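Data block below; observations after.
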Amino acid sequence: RRRLWLIILVAFVFVGSAVGFSLWQTPVYEASGQLLVGQKPSKGEQPNLMSSVEGLQQLTHTVVAAVDSRPIAEAVIQELNLQLTPQDLLNNLSAEQIEDTHLIQLSYRDTDPERAQKILTYVSEVSSERISEAISGVDIVTVTVWEPATVLDAPVSPDPVRNGLLALGLGLMLGTGLALLLEIMNNRWRSAEEVEQASGVPNFGAIPEFDAAKAGTARANERWMIKPQRGADANYSSPESDRESFGTEAVTVQDPAGVASEAYRKLRTNLFYAMVDAPPKVIVVASANHREGKSTTIANLGIALAQAGKNTLILDCDL
């Protein structure tokens, strides 16, 4: 859930790229038509095996290969005076047998719908004439135009909707995989439980974020005091300069009833409860890097200890 934004971002980039590229491409139109392969015996001859349906289907395979061949392409190019090579024409031409029939489905793709229809019309006519003449024997093979070439009004490619949906699926899969990979590689600690599991030592408390200066606005002009419960003579009042610099982070003084102050008091209790038989006399607060909260932590913990009646001395050991 934390990396849902990454999955959405990757999917959005994929969909946007696919749709944009589709709209940038030149539309391609497709003309389609059909040829019918037939057979009839010569005069005075009896029908043979090739006259059966099975024989016609086998013969249709040969006709398909003949239609999609270089001689047909060259004849069409010469007939229409096209500025194409035979291979270019064949790359855009498709011929295949309709299953279990002796019909051949033809299609031709071009950026110009009228030209696509015209070329396929001539492919059908040339194929019908030349193949019928070329195949001879006991039986007469006939290849006729069964369905004239027609063109759809809409281009067959590109298809922005289809490409967008495919890109969406691919983007979601890739985004999810990337999110999982980053999650596996991420070794940060996100909870007190993970800290304990990774370090092997107990966690005594978690301090929430706070702003002592805002929390203590109502008391900003008051001098703060630490008053141990050993009598009135033990009162201590800090100098004004120390109060201004130190008191802004002393949330236990600025906002003693707040959540952060309660968290420091809970930390104080847990420290002594964990070592009830031998309460600690010295507590060291350290961190791996600078400005991670050592001074803030020791100041508020010291105040919480003093508020509980403990004689407290804070030493700055940053030499």
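Observations on the model:
- Summed over the stretch 114-137, the residues that are over 11 Å from Ala149 (Cβ atoms), of a type in the set (A, V, I, L, M, F, W, C) and in a helix (DSSP H, G or I) give a count of 3.
- Restricting attention to the stretch 1-60 and to residues that are at pLDDT below 75 and among the aliphatic types (A, V, I, L, M), the residue that is farthest from Leu103 (Cα to Cα) turns out to be Leu49.
- Here Lys118 meets the list (1) in contact with a Leu (Cβ under 8 Å, 6 or more places away or on another chain); (2) within 30 Å of Phe21 (Cβ to Cβ); (3) open to solvent by less than 60 Å² (accessible area, probe 1.4 Å) almost entirely, failing just condition (3).
- Restricting the stretch 267-309 to residues that are surrounded by 16 or more Cβ atoms within 10 Å (Cβ to Cβ) and charged (D, E, K, R), the residue that is farthest from Ala206 (Cα to Cα) is Lys294.
- When Gly164 is tested against (1) open to solvent by 70 Å² or more (accessible area, probe 1.4 Å); (2) out of contact with any strand residue (DSSP E or B) (no Cβ under 8 Å at 6 or more places or on another chain); (3) outside any loop (DSSP other than H, G, I, E, B), just one condition goes unmet, and that condition is (1).
- Here the stretch 79-113 is the region considered, the condition is being closer than 28 Å to Leu56 by Cα, part of a helix (DSSP H, G or I) and touching a helix residue (DSSP H, G or I) at 6+ places or on another chain (Cβ under 7 Å), and the residue that is least open to solvent (accessible area, probe 1.4 Å) is Leu89.
- Candidates Thr150, Thr176, filtered to the one that is outside any strand (DSSP E or B), polar (S, T, N, Q), at pLDDT 85 or above and out of contact with any Cys (no Cβ under 7 Å at 6 or more places or on another chain): Thr176
The values are calculated or read from the model by the stated rules, or taken from the named source; none is laboratory data. Bear in mind the structure is a predicted one, so any value in this text is a computation, not a measurement. Ideal geometry is used to build each Cβ from the backbone, glycine not excepted, and the neighbour counts take in all protein chains shown. To get the accessible areas, we keep the full protein, side chains included, count just its heavy atoms, and leave off ligands, DNA and RNA. Shrake-Rupley method; radii C 1.70, N 1.55, O 1.52, S 1.80 Å.
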